[in-house]
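Just so you know, all these numbers are worked out from the coordinates, no wet-lab data involved. Since the model is a prediction, treat every value here as computed from it, not as a measurement. Here the Cβ is made from the backbone with ideal geometry for all residues, glycine too, and neighbour counts use every protein chain on show.
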Amino acid sequence: MPNTPLEKQVPRRSFLDILLGVGVLGAAGSALFPVLRYLKPLPLEAAGGPVKLSDDDLATIESDHFVIVRVGPKRVIVFRDSTEEVHALAAKCTHEGCTVQFSFEETIVWCACHNGRFDIDGRVLSGPPPKPLAEYAVQTSDDGGIIVNMEIA
Ligand code: FES
């Protein structure tokens, strides 16, 4: 039986050597990755550390009364209430995970998916959400910036 073109180019033994080499490299990579991540941790922002809102985020708060920012793997809703106090809550609804929004007119955090309603401290007011939204600490900097800290307030 004649050899196919692939068998002519890469003999079976070489192909198995390559496959073995890829397997060894993969195993070495999976063993080394946690060690390297330990020696060189993610930057604070990527790990969920304090995040200073950008000028665009601040402008969005001015125009829309709230902004959704990503802090590490989490979505956070940051808003300013009618007394100018800034709040930061988990933006993921505790019912089925929809992203909440801030209603400045009603002074509530609202989930449009099933009409879940939270007060500005994240406590459930009505609707199906079973738990409050996590509340995060917020600081304002001297230059008017807003810093969200992922420590629970
Ligand atoms: S997902 Fe928010 S109320 Fe259902």
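Based on the Cβ-Cβ distance from Thr99 to Ala28, what FRET efficiency comes out when R0 is 41 Å, to the nearest 0.05?
0.55
If you wrap the chain's Cα atoms in a convex hull and average its projection over all directions, what's the area in nm²?
16.4 nm²
When Lys and Arg each count +1 and Asp and Glu each count -1, what net charge do the other residues less than 14 Å away from Leu20, Cβ to Cβ, add up to?
Value of the local net charge: +1.
Could you tally the net charge around Thr140, taking each other residue with its Cβ under 11 Å from the Cβ of Thr140, Lys/Arg +1 and Asp/Glu -1?
Local charge sum for Thr140: -2.
Could you tell me which residue out of Phe33, Ser141, Ala88 lies farthest along the dipole of segment 9-147 toward its positive end? Charges go on the beta carbon: Lys and Arg +1, Asp and Glu -1, centred on the Cα centre.
Among Phe33, Ser141, Ala88, the one farthest towards the positive end of the dipole of segment 9-147 is Phe33.
Of the candidates Ala59, Ala134, Ala91, which one comes out as most mobile in a Gaussian network treatment of the chain with C-alpha springs shorter than 10 Å?
Ala59
What list of ³J(HN,Hα) couplings, whole Hz, do you get for segment 11-24 from phi and the Karplus terms 6.51, -1.76, 1.60, once you set θ to phi - 60° and write x for glycine and proline?
x, 4, 5, 5, 4, 5, 4, 5, 4, 5, x, 5, x, 5
For a protection proxy built on the mean count of beta-carbon atoms within 10 angstrom, sort 12-25, 71-84, 137-150 highest first, please.
71-84, 137-150, 12-25
Given Cβ point charges of +1 (Lys, Arg) and -1 (Asp, Glu) and nothing else, what value in debye, to the nearest 20, does the dipole of the chain about its Cα centre take?
1400 debye
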